[in-house]
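The block underneath contains the structure these notes are about, expressed in structure tokens.
The values are calculated or read from the model by the stated rules, or taken from the named source; none is laboratory data. What you are looking at is a predicted structure, and each value in this text was computed from that prediction instead of being measured. Neighbour counts run over all protein chains shown; Cβ positions are idealised from the backbone, glycine included. Protein only, heavy atoms only, side chains kept; ligands, DNA and RNA dropped before computing areas. Shrake-Rupley method; radii C 1.70, N 1.55, O 1.52, S 1.80 Å.
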Amino acid sequence: MNTVIPKPVAVSAAGGIFTITAATQIYVAPETDPLIAIGHYLAERLRPATGYALPVLAANAAPPAGQIYLTTVGSDPALGDEGYQLTIAPDGVRIAAAGPAGLFYGVQTLRQLLPPSIEQSTKQAGPWTLPTGTIRDTPRFEWRGAMLDVARHFFGVADVKRYIDLLAFYKLNRLHLHLSDDQGWRIAINAWPNLATYGGSTEVGGGAGGYYTQEEYADIVAYAQQRYIMIIPEIDLPGHTNAALASYAELNCDDVAPPLYTGIEVGFSSLCPDKAITYTFVDDVIRELAALTPGPYLHIGGDEAVATKPDDYVRFIERFQAIVQSHGKRMIGWEEASRTTLLPSSVVQFWHNPLVGQAVRQGAKVIMSPASRTYLDMKYDSSSPLGQNWAGYVDMQTSYAWDPATLVPDVPEDDILGVEAPIWSETLETMRDVEYMAFPRLLSCAEIGWSPMSGRSWDEYRLRLGTHGPRLAALGVNFYRAETIPWR
Ligand code: TNX
């Protein structure tokens, strides 16, 4: 039972086995839409490799022996929204949780306890045994995130869905999409159509770029929701805006649209602070994004605005915050937003500067994304063929062996919403490139976000991570076979 990532809070192995067979059924109780959906989700994960029917049924009374039972009936409220208890006995499997999210996470643990070939997409030999015992598990942080930069290089709906599936497998529950930058605007905005059709028409290196229609974006949001993942859209303002400025001349202080940009420099673009149309534009974009976003957060960027004067920057962020609030959402900004007057409902995202302490003193919460630990676009070491190294090399141990609660002096655990691993895509053109950089380091972030510090150690983790080699391979993930990990 000691192969699960993120490491469960409490595991007690009983030493026997339960075997999934052609006769196994999946029961849920009560018969609600979310629970039925989780039953089908589990069945769909298990059917290709087992070749079994695995029908999903509603349990009226206790389920018959020998089956898999997912239930919220009479479960322990101490498990919270996301916790679960998984009990595997020779005569049945039971996952109990206070709500559907907990059941969903129990299902991920169940998948990880089966032989790795369960993740293959074609029928495999089996047998499909599970170790008996009990796992009781709840997350440390509510925010366990990843960020994908679809602006520097564009990644289509199928790529984003694949990433979502992989996040879910490791109990990550937030996907922040970096939807605009100097090199591209990736979401259709009805009031400003050129943003996507012209501003989204290229990418780093001069390739074709692309954008999501609002229907496609809504499909991503729904797909993520079914996997208990919240999508957080980011429109990066007031810097990182060349694609918008190129699309509409009137957004520029001099009314001249710059050309589209396909390089990788940062810090040269800014919205115009003194034009009313700037705020009409931001209000229109935020309104349309808010309508596409069931979750409470909208990210307005705010990083590296070196082409914006410092007092203009403060005015900008405070106005964006008011606009976000007027559309019923909470603002997230990169750490630089800590310099402004923040609402206590706002959130800042740390990447390298301890000034986030200024945000905490205003009551705002912090997402921890230290570049030197969590940036998945940093090279592993000097031999990495992809990535950058401005924050140093991030090898496996560096990505794993740290504690969010002790990293920044003025930011204790209570002020931390959680952790997030961003992947910036200046050097990453394809999903294979993204996977090579994200895996296996994304698993470090998943474990730091979920598992308590006590009981975590690099020496134990590297052995456990090694058992995920065949699992990632079965999923077709192009992961980096780090030499420090004893891959099976
Ligand atoms: C810094 S970290 C950026 C991004 C780049 C990234 C490359 C942050 C908030 N901004 O614009 O893509 O470095 O690693």
Inter-part distance where region 276-294 and region 387-411 are each reduced to a Cα centre, Å: 34 Å
Calculated log₁₀ intensity ratio I(q)/I(0) where the Debye formula runs over C-alpha points of region 376-470, q = 0.16, 0.21 Å⁻¹: -0.74, -1.15
Rg and Dmax [Cα atoms of region 169-313; Å; Rg one decimal, Dmax integer]: 15.2, 49
Rounded if a/c under 1.5, otherwise prolate or oblate - the chain, Cα gyration tensor axes: prolate
V73 - accessible surface, heavy atoms, 1.4 Å probe, Å² rounded to 10: 80 Å²
Those Cys residues of the chain for which no other cysteine Cβ falls under 4.7 Å: C445
Förster radius 41 Å - calculated FRET efficiency between E216 and Y393, Cβ distance, rounded to 0.05: 0.70
Fraction of accessible area attributable to carbon and sulfur, region 42-155 (%, probe 1.4 Å): 52 percent
Highest-first arrangement of 203-210, 147-154, where packing means the average Cβ count within 10 Å: 147-154, 203-210
Accessible area (Å², 1.4 Å probe, nearest 10) - K161: 50 Å²
Label-point separation in nm, Y223 to Q120, each point 7 Å along Cα→Cβ: 2.6 nm
Dipole of region 283-337, positive direction: furthest Cα of I317, H327, V306, with charges on the beta-carbon: H327
Gyration tensor (alpha-carbon) shape descriptor, region 65-166, a/c threshold 1.5: oblate
Histogram of C-alpha separations across region 1-41, 10 Å bin width, %: 20, 28, 47, 5
Those residues of region 375-407 whose amide nitrogen sits under 11 Å from the label point placed on E483, 7 Å along Cα→Cβ: 382-383
Residue (of T109, T398, S383) at the positive-pole extreme of the chain, dipole from beta-carbon charges: T109
Rounded if a/c under 1.5, otherwise prolate or oblate - region 107-146, Cα gyration tensor axes: oblate
Sites A276 and E31 - FRET efficiency at Förster radius 35 Å, r taken between beta-carbons, to 0.05: 0.05
Restraint check, K7/K329; K275/K309; K329/K379, Cα-Cα greater than 24 Å: K7/K329; K329/K379
Protection-proxy order for peptides 182-193, 387-398, each taking the mean of Cβ atoms within 10 Å per residue, highest first: 182-193, 387-398
Estimated FRET transfer efficiency when R0 is 25 angstrom, pair D311-T262 (beta carbons, to 0.05): 0.20
